[in-house]
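Working notes for the structure below.
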């Protein structure tokens, strides 16, 4: 049955269409999660999906990794520039190049142009973290890489499908260059399904409302978001707000790396100037301009309208200034495998600079780092197994006005992602979860409102021949306190082998034996306000909950419990 078209471009109709566009993005995410082969996609939800208009402007995006917020548009525009008039219905394009709007090689993007007859009207896009993309180490993110070529297969925008026929040449190249080809090709098919369902659903919208009404809705969504965003910026006091910090080494050197931002607010414009940040490193802590833009947009959106569906209109009042070749704007051949640690630092800088302006939206400093940890085997052990396990870790956030910091919450850069369920982890891999608990031993930042607590996640290794690697930020520079609050605590890895304990923050290859215990320990957030102003009832409650000891209560808060 063909429904009659609705001709009126009224606000109610456009509101209905806007809801449908958001629903399409969400359905793409459901399709991707339910059909992917890799747990990092279907369990952790390390992906994002969305729709862009015919010019590559983001219109709707699913909840997911916030660090993809600023990459969709540049990647779509790259495909438009490269293929132009050769774009056709039934095409799908694949890319994972950090220097063409992407993040790192493990984040593989599929883009599908959507047509109404011969008229290009939109693009659907899905990006997901593949567990493997080749390179120097299983999992493809060597913490000691010195150039991007060590980080696996790089695809600079290639036509993957024509007339919905998959290119076997590209799939054969992928299959020949990765350690887990079944997983990779399965995840590829899941992304193909996600971008195709968007094409089908958008065709239904066009059939019901017409192309003109759809495109008018695109323009309305962008213009309305820009208007609200500009009004929010204009309501902030004009001025320059600065923040400085240090990156705790880069994976190849422990040398602290200085970074900084100056945020200038002038009327309805806001400029984020990262001039003065350290030069790019021969190490994978770098991020490219696309990831930096995502980091800035994430924090800006949290300030302006965190609950609203993302589109590029929200970000029209923003200017971002940074020269090429810095740790936040790397150029080839700098590696970017651990880009999310660099971009997390950029997010934290912006967060810190704006915290005093919007205390209701911004807490004191958080554990910041995703503390992503790999446990792998590359077939060199006695049993010849190959497996790759990657897991982001949760940690403590800072205190904010009226409440203590959140405990065991994922970092701002990773959005709506999760830990693996213990049942799935133990069923699929030769590991046993011995403990998952709050990190009370290292504590959090004392304050009128204390920081939230980090986590301890302990993996018992059940096989020989495995190894681990990771790159944890905030391992020396703790989360910052605000308004007199104390700093939080740091992140680290710990290997327990019998009576021997060793700590690491950035480690390229840590050999593991059967019976080893690998502990991932995340820090607590910074405190807000003077600790001596903390209400007595809050201190008593922390004591009753076991969050602090009587010694900590006396040391940090001047509180002595009555015997």
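The values are calculated or read from the model by the stated rules, or taken from the named source; none is laboratory data. All values reported here derive from a predicted model rather than from experimental measurement. Methodologically, a virtual Cβ is constructed for each residue, glycine included, from the backbone with ideal geometry; neighbour enumeration extends over all protein chains shown.
General observations
- On inspection, residue 228 fails the criterion of being in a helix (DSSP H, G or I), touching a residue at least 24 places away in the same chain (Cβ under 8 Å) and in contact with a strand residue (DSSP E or B) (Cβ under 7 Å, 6 or more places away or on another chain).
- If the condition is being in a loop (DSSP other than H, G, I, E, B) and at pLDDT 95 or above, then the stretch 477-486 contributes 478, 479, 480, 481, 483, 484, 485, 486.
- Count - residues of the stretch 306-318 that are assigned to a loop (DSSP other than H, G, I, E, B), surrounded by fewer than 24 Cβ atoms within 10 Å (Cβ to Cβ) and in contact (Cβ under 8 Å) with a residue 24 or more places away in the chain: 5
- Selection status of residue 473, more than 24 Å from residue 427 (Cα to Cα) and in contact with a helix residue (DSSP H, G or I) (Cβ under 6 Å, 6 or more places away or on another chain): yes
- Under the condition of being modelled with pLDDT of 95 or more and in a loop (DSSP other than H, G, I, E, B), the residues counted in the stretch 257-305 number 16.
- Residue check for residue 553: crowded, with 19+ Cβ neighbours inside 10 Å, more than 34 Å from the chain's Cα centre (by Cα) and at pLDDT 95 or above: yes
- Criterion: over 20 Å from residue 247 (Cβ atoms), surrounded by 21 or more Cβ atoms within 10 Å (Cβ to Cβ) and touching a residue at least 24 places away in the same chain (Cβ under 8 Å) - qualifying residue of 527, 488, 523, 470: 527
- Tally, over the stretch 494-506, of residues that are surrounded by fewer than 24 Cβ atoms within 10 Å (Cβ to Cβ) and in contact (Cβ under 8 Å) with a residue 60 or more places away in the chain: 1
- Subset of the stretch 76-95 (residues that are crowded, with 24+ Cβ neighbours inside 10 Å and without any contact (Cβ under 8 Å) to a residue 60 or more places away in the chain): 76
- Answer from 203, 198 - the residue that is in contact (Cβ under 8 Å) with a residue 40 or more places away in the chain, in contact with a strand residue (DSSP E or B) (Cβ under 8 Å, 6 or more places away or on another chain) and surrounded by fewer than 17 Cβ atoms within 10 Å (Cβ to Cβ): 203
Table: residues versus (1) under 29 Å from residue 489 (Cα atoms); (2) assigned to a helix (DSSP H, G or I).
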residue: 328; (1), (2): yes, no
residue: 331; (1), (2): no, no
residue: 348; (1), (2): yes, yes
residue: 353; (1), (2): yes, yes
residue: 357; (1), (2): yes, no
residue: 360; (1), (2): yes, no
residue: 363; (1), (2): yes, no
residue: 377; (1), (2): no, no
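- Residue list for the stretch 143-173, filter: part of a helix (DSSP H, G or I) and either within 18 Å of residue 75 (Cβ to Cβ) or out of contact with any strand residue (DSSP E or B) (no Cβ under 9 Å at 6 or more places or on another chain) (or both): 148, 149, 150, 151, 168, 169, 170, 172, 173
- Flag if residue 515 is at pLDDT 95 or above, part of a loop (DSSP other than H, G, I, E, B) and under 17 Å from residue 366 (Cβ atoms): no
- Residue 422 in contact with a helix residue (DSSP H, G or I) (Cβ under 8 Å, 6 or more places away or on another chain) and within 26 Å of residue 132 (Cβ to Cβ): no
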